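For reference, the structure discussed in these notes is given below.
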């Protein structure tokens, strides 16, 4: 019965799905766009963001990687991961496949709750299932857990799926629209900087392309002096253009992450990393 | 009585002395307005004579008197470049109140005077 329902839904969806602007077509078009614009870069290179384009920045990054400043976060995350909850369960009971790496599958569309679920949220869902209080989106303990899980996923290709249900397509579309809408007093969209002007310099900052912007998180930023989240970086870019800042893990930013991650499918996870 | 008067006078002088003069902020000139990160920050995107570490999103700002028929046309452009190219990434400085009309005029005056041959710091 449920199978039949699924197929009806699936087939019902087909006529309304436009043939040109499907997520898959978006992904192919955008990846091809950047491969053509930067013909010397491999797919892997894009995961390194601005370092793929700026040799000087790459040199100083490689020097920093000799003593990675995010290592403490990985260790802390590992410790947290194996510490039992009060009920005796552990994170590994929620994330049974953790050893193979799971970060590359986040965020995903949850068919039950009809929402985009990020890795941070999945960790909090695991806590709540085990009667622990959820951690704040910017809590050091939570960031450390995602650092450990990203580390276990290193070199795994990003593999985001968008199931053929209308609500998931809508969430993807909202993320896409958000990326392309102008906002803030300075009137920029994310695309103005990271598609239209990718590779160019804003003062001394080389602008990274959208492709690969989600692969390296969480990331140690020299400016922050600590490991922070993708959503914190999103908020930083909002401030730069004097725009209203959405909350970390809000629906807006989760849908944005869903769109951006899906477009980077196939690129390797290389978090945690270091950025200026 | 006279002591009261003197005290009063002294107090009054003290208060006047403590009140900051109006317009404490030094007036920026056109170049400063164009270069300052909190003001025009034009160097974020444009090379401009004597401006350090410019970006390269927009064209170098030279020869503007040959690019615009008169200075007012330059002011109009800076007020809202999206009127001329809806796709441009240059912010609408006047329309979005990033700069006042007077500040934009000062920047235009500055840019207009730049000799075309002046060296541009890369």
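Coordinate-derived values only; no laboratory data. Fair warning: this is a prediction, and the values are worked out from it, not measured in the lab. All Cβ positions, even for glycine, are placed from backbone atoms using ideal geometry, and neighbour counts span all protein chains on display.
Quick check: from the Cα gyration tensor, does the range B:31-122 come out rounded (a/c under 1.5), prolate or oblate? All intermediate terms of the calculation are to be shown ahead of the outcome.
Values: a/c = 1.39, a/b = 1.23, b/c = 1.13.
Judged from the Cα gyration tensor, the range B:31-122 comes out rounded (a/c under 1.5).
Cα gyration tensor of the range B:71-118, axes a ≥ b ≥ c as square roots of the eigenvalues: rounded (a/c below 1.5), prolate (a/b > b/c) or oblate?
Verdict is oblate for the range B:71-118.
In 10 Å bins starting at zero, report the fraction of Cα pairs in the range A:71-152 per bin as a rounded %.
18, 55, 26, 1
Where the centroid of each part is defined by its Cα atoms, how far is the range B:79-96 from the range A:35-86 in Å?
One Cα centre to the other: 37 Å.
With n ≥ 4 as the cut-off for DSSP H runs, can you work out [θ] at 222 nm for chain A, using -39500 (n - 2.57) per run divided by the number of residues, rounded to the nearest 500?
Roughly -13000 deg cm²/dmol at 222 nm, from the helical runs in chain A.
Let a ≥ b ≥ c be the square roots of the eigenvalues of the Cα gyration tensor of the range B:23-72; is it rounded (a/c under 1.5), or, if not, prolate (a/b larger than b/c) or oblate?
It is oblate, given that a/c is not under 1.5 and a/b is not larger than b/c.
Once every Cα of the range A:204-269 carries one equal point scatterer and solvent is ignored, give the base-10 log of I(q)/I(0) from the Debye formula at q = 0.18 Å⁻¹, two decimals.
For the range A:204-269 at q = 0.18 Å⁻¹, log10 I(q)/I(0) is -0.74.
I need B:53, A:120, B:65 ordered by Cβ neighbour count within 10 Å, fewest first.
Neighbour counts put them in this order, fewest first: B:53, B:65, A:120.
Let's test the formula: R0 of 25 Å, r as the Cβ-Cβ distance of residue A:60 and residue A:82. What FRET efficiency results, to the nearest 0.05?
Calculated value: 0.15.
To make sure I understand, if each residue's beta carbon is the centre and we count other beta carbons within 10 Å, what order do A:244, B:39 fall in, fewest to most? Present the calculation step by step, with values, prior to reporting the outcome.
Details: A:244 7, B:39 16.
With the sparsest Cβ surroundings first, the list reads A:244, B:39.
For A:238, A:231, which order do you get if you count the other beta carbons within 10 Å of each Cβ and list the fewest first?
Working: A:238 18, A:231 22.
If I rank by nearby Cβ atoms, fewest first, I get A:238, A:231.
Relative contact order for chain A: what is it in percent, counting Cα pairs under 8 Å that are at least 6 residues apart?
The normalised contact order for chain A reaches 26 percent.
Using only Cα atoms, what Kirkwood radius does the range A:110-255 have, in angstroms? The partial results should precede the final answer.
Details: mean 1/r = 0.0593 Å⁻¹.
It is 16.9 Å.
Hey, can you rank A:56-68, A:183-195 by average C-beta count inside 10 Å, highest first? Working shown, then result.
Numbers: A:56-68: 12.2, A:183-195: 19.5.
Order by mean packing, descending: A:183-195, A:56-68.
What is the calculated FRET efficiency for residue B:67 to residue A:28, with r their C-beta to C-beta distance and R₀ = 51 Å, to the nearest 0.05?
Calculated value: 0.85.
Gap in Å between the Cα centre of the range A:182-257 and the Cα centre of the range A:96-153?
21 Å
With no solvent and one equal point scatterer per Cα, compute the Debye intensity ratio I(q)/I(0) for the protein assembly as shown at 0.07, 0.08, 0.14 Å⁻¹ and report its log10, rounded to two decimals.
Normalising to I(0) and taking log10 leaves -0.45, -0.56, -1.24.
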